[in-house]
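Okay, so here's the structure we're looking at.
The values are calculated or read from the model by the stated rules, or taken from the named source; none is laboratory data. Since the structure is predicted, the reported quantities are computational estimates derived from the model, not experimental observations. Positions of Cβ are backbone-derived with ideal geometry, glycine not excepted, and every protein chain shown enters the neighbour counts. For the accessible areas, the whole protein counts, side chains as well, though only heavy atoms, and no ligand, DNA or RNA atoms are used. Shrake-Rupley method; radii C 1.70, N 1.55, O 1.52, S 1.80 Å.
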Amino acid sequence: MAELAPGAEFGGYRIEAIAWQGGMGVVYRATQLALDRSVALKLITPEFAHDEEFRDRFKRESKLAASIEHPNVIPVYEAGEYDGALFLAMRYVDGTDLKSVLTREGRLEPRRAARFVAQIAAALDAAHAAGLVHRD
């Protein structure tokens, strides 16, 4: 599937902009049309989407991820397949990531770094408790 342009519609979502690109796919800032809310819409790279083993794992792990209720875990709204493409819709969080903070600010003050580590560890604990292993 080709990259989606702003204004394009995909499975009930309107693409607003690219939020992030990585090896597994593209994450778009999108609007869920039925509820008029902003979401992060992740479209899985076609090479992965065509791999049967990956597809099975994606479906299984999407259900596990959607079951996690934790303040440090972004809620999953929907996961599935549309027009042959696998996708995941999640809460859109406007902001930056830790890598960008570290690039911009360099070494963090120890207390601030410990707060980040505690939040990440709590999220990973919640995922592991649900039977999900984060692959990144």
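Annotations
- Our helix-only sum for the chain, with -39,500 (n - 2.57) per DSSP H run of n ≥ 4 divided by its residues, gives a mean residue ellipticity at 222 nm of -10500 deg cm²/dmol.
- Simple rule: put +1 on each Lys or Arg Cβ and -1 on each Asp or Glu Cβ in the chain, find the dipole, and look at GLY23, ALA113, HIS50; the Cα lying farthest toward the positive end is ALA113.
- Across region 10-33, the residues whose backbone nitrogen lies under 17 Å from the label position 7 Å along the beta-carbon direction of THR96 are 20.
- Extension gain from ALA5 to ASN72, taking 0.36 nm per residue of separation minus the Cα-Cα distance: 21.1 nm
- Centre separation in Å (Cα based) which lies between region 26-80 and region 103-136: 21 Å
- Accessible area of region 38-129 belonging to carbon and sulfur atoms, whole % at 1.4 Å probe: 53 percent
- Taking GluC sites (Glu not before Pro) in DSSP loop states with no more than 11 other Cβ atoms inside 10 Å as exposed sites, the chain has its longest site-free stretch at 70-136.
- Projected area, mean over directions - region 41-117, Cα convex hull, nm²: 6.8 nm²
- Stretching the chain fully between TRP20 and GLU47 yields a gain of 7.9 nm (0.36 nm per residue, less the alpha carbon separation).
- Cα gyration tensor category, rounded, prolate or oblate, for region 1-100 with a/c compared to 1.5: rounded
- Sparse-neighbour loop sites [chymotrypsin sites (Phe, Trp or Tyr not before Pro); region 44-103; at most 12 other C-beta within 10 Å; DSSP]: none
- Over every Cα atom in region 19-72, the radius of gyration and the widest Cα-Cα span, Dmax, amount to 13.0, 34 Å.
- Computed on protein heavy atoms with a 1.4 Å probe, the accessible areas place THR31, THR103 in the order THR103, THR31, largest first.
- In terms of accessible area, using a 1.4 Å probe and ignoring ligands and nucleic acids, ILE74, ILE15 rank largest first as ILE74, ILE15.
- Considering all C-alpha pairs of region 75-136, those separated by over 15 Å amount to 70%.
- Residue order for SER62, SER100, SER67 - accessible surface, 1.4 angstrom probe, largest first: SER67, SER100, SER62
- Probe 1.4 Å, protein heavy atoms only - accessible area per residue of the chain in square angstrom: 65 Å²
- Semi-axis lengths, largest first, of the ellipsoid equivalent to region 55-99 are 21, 14, 10 Å, with √(5λ) applied to each eigenvalue of the Cα gyration tensor.
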